[in-house]
Amino acid sequence: MYNMKGIVFDLDGVITDTARFHFEAWKKLTKEKFGKDLPASFESEVKGISRIESLERIMDFYGIRDRYTQEEIEAMAAEKNEYYRREIATLTKEDILPGIAYLLADLKDHRVKTALASASHNAPFILERLGLTDMFDGAADPSAIAHGKPAPDIFLAAAKSIGLEPDDCVGVEDAVAGVAGIRAAHMPAVGIGDAKELHEANRVVSSTKELTMALLEDVWDKRRQA
């Protein structure tokens, strides 16, 4: 019998919730650099994408992107990252989302490989803070990814990092762009969050507490049988 061999995880909103730290850092930067108050409704616009793309979306929102050089944009993105890193330094094992530690242990016990597909360059630091470094067998290098989510590049790279084909894996995401990237990589996708928003996923759960190895295997099996 052909079995599921790997799980590819996003980080923010799947392993731990750092989205609040990201958005607070973006709000701080936007206020300091542009004198603007970034609305709460904009949080979904910068979810699951790279720092540079996030900043460019913010600048486009205010119609000011053409006022800055690429070097200035990169410098501001780096400054935002410093705000963010100060916040995530406070993370502990208590910040692992419900059910995730058990799921990772179960996957390891059953020799199902795990890989991280995160656009965050801070992912290794975050895993270290959470005490989860040894629970992952591989990870995509975001600096080597040509096209960010919703392109499939990072998910393909994550599967490759654990020596697997996309057909061997299931992807887990909480963002629309991420789910689209998983599907573009020809992996079955499990979404965490709102079923309407994540309708492209093969299965949607409302919370990480619902994620189990049995559920992931069922999603993979149904995709194989389709």
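Just so you know, all these numbers are worked out from the coordinates, no wet-lab data involved. This one's a predicted model, so the numbers in the text were calculated from it and none came from an experiment. Neighbour counts are summed over all protein chains in view; Cβ atoms, including those assigned to glycine, are modelled from backbone coordinates with ideal geometry.
Using Cα pairs under 8 angstrom and six or more residues apart, how large is the relative contact order of the chain, in percent?
Values: 364 pairs, mean separation 54.4, N = 226.
About 24 percent, as a whole number.
Summing -39500 (n - 2.57) over the DSSP H runs of n ≥ 4 in the chain and dividing by its residue number, what mean residue ellipticity at 222 nm do you reach, to the nearest 500 deg cm²/dmol? Kindly include the intermediate steps, with their values, before the conclusion.
Working: 8 runs with 96 residues, N = 226.
About -13000 deg cm²/dmol.
Find how much the distance from Asp134 to Gln225 grows on full extension, using 0.36 nm per residue of separation minus their present alpha carbon separation; answer in nm with one decimal. Don't skip to the end; give the middle numbers.
Numbers: separation 91, 0.36 × 91 = 32.76 nm, distance 3.29 nm.
Contour length minus Cα-Cα distance gives 29.5 nm.
Gaussian network model of the chain, Cα springs within a sub-10 Å range: biggest mean-square fluctuation belongs to which of Thr208, Thr92, Thr114?
Ranking Thr208, Thr92, Thr114 by mean-square fluctuation puts Thr92 first.
Applying 1/(1 + (r/R0)^6) with R0 = 22 Å to the Cβ-Cβ distance of Glu217 and His186, what FRET efficiency is obtained, to the nearest 0.05? List each step's numbers first, then the result.
Details: r = 18 Å, r/R0 = 0.82.
According to the calculation, E is roughly 0.75.
Going by alpha carbons, how many degrees (0 to 90, nearest 10) lie between the helix axis of 51-62 and the longest principal axis of the chain?
That works out to roughly 50 degrees.
According to a simple spin-label model (label point 7 Å from Cα along Cα-to-Cβ), what is the distance in nm between Gln70 and Asp106?
Reported label-point gap for Asp106 and Gln70 is 4.6 nm.
Give me the number: length gained by fully extending Arg86 to Arg57, i.e. 0.36 nm times residue separation minus the C-alpha to C-alpha distance, one decimal in nm.
On the way: separation 29, 0.36 × 29 = 10.44 nm, distance 2.34 nm.
Stretched out fully, the Arg86 to Arg57 stretch lengthens by 8.1 nm.
Using the alpha-carbon centroid of each, what span in Å lies between the stretch 24-56 and the stretch 179-210?
25 Å
Tell me the angle of helix 19-34 to the major Cα principal axis of the chain, expressed in degrees between 0 and 90 and rounded to the nearest ten.
20 degrees
Step through the table entries Lys5/Lys93; Lys36/Lys80; Lys28/Lys93; Lys5/Lys222; Lys108/Lys160; Lys93/Lys113, compare each Cα-Cα distance with 24 Å, and write down the pairs that go over it.
Details: Lys5/Lys93 26 Å; Lys36/Lys80 15 Å; Lys28/Lys93 27 Å; Lys5/Lys222 15 Å; Lys108/Lys160 18 Å; Lys93/Lys113 21 Å.
Pairs exceeding 24 Å: Lys5/Lys93; Lys28/Lys93.
Got the relative contact order for the stretch 19-88 handy, in percent, Cα pairs under 8 Å and 6 or more residues apart? Please list the in-between numbers first.
On the way: 37 pairs, mean separation 28.1, N = 70.
Reported as a whole number, the value is 40 percent.
Quick one, which of (1) 17.5; (2) 12.1; (3) 13.9 is the actual mean projected area of the Cα convex hull in nm² calculated for this model?
(2)
Antiparallel versus total DSSP beta bridges in the chain: what percent is that, nearest 5? Working shown, then result.
Numbers: 1 of 18 bridges.
Counting DSSP beta bridges with both partners in the chain, the antiparallel share is about 5 percent.
Highest mean first, how do 129-140, 166-177 rank when packing is the count of other Cβ atoms within 10 Å averaged over residues?
Values: 129-140: 18.2, 166-177: 24.5.
So the peptides 129-140, 166-177, ranked by packing, come out 166-177, 129-140.
Considering only Phe42, Ser54, Ile64, whose Cα is most displaced toward the positive end of the charge dipole of the stretch 19-88, charges sitting on Cβ of Lys, Arg (+1) and Asp, Glu (-1)?
Checked the options; the winner is Phe42.
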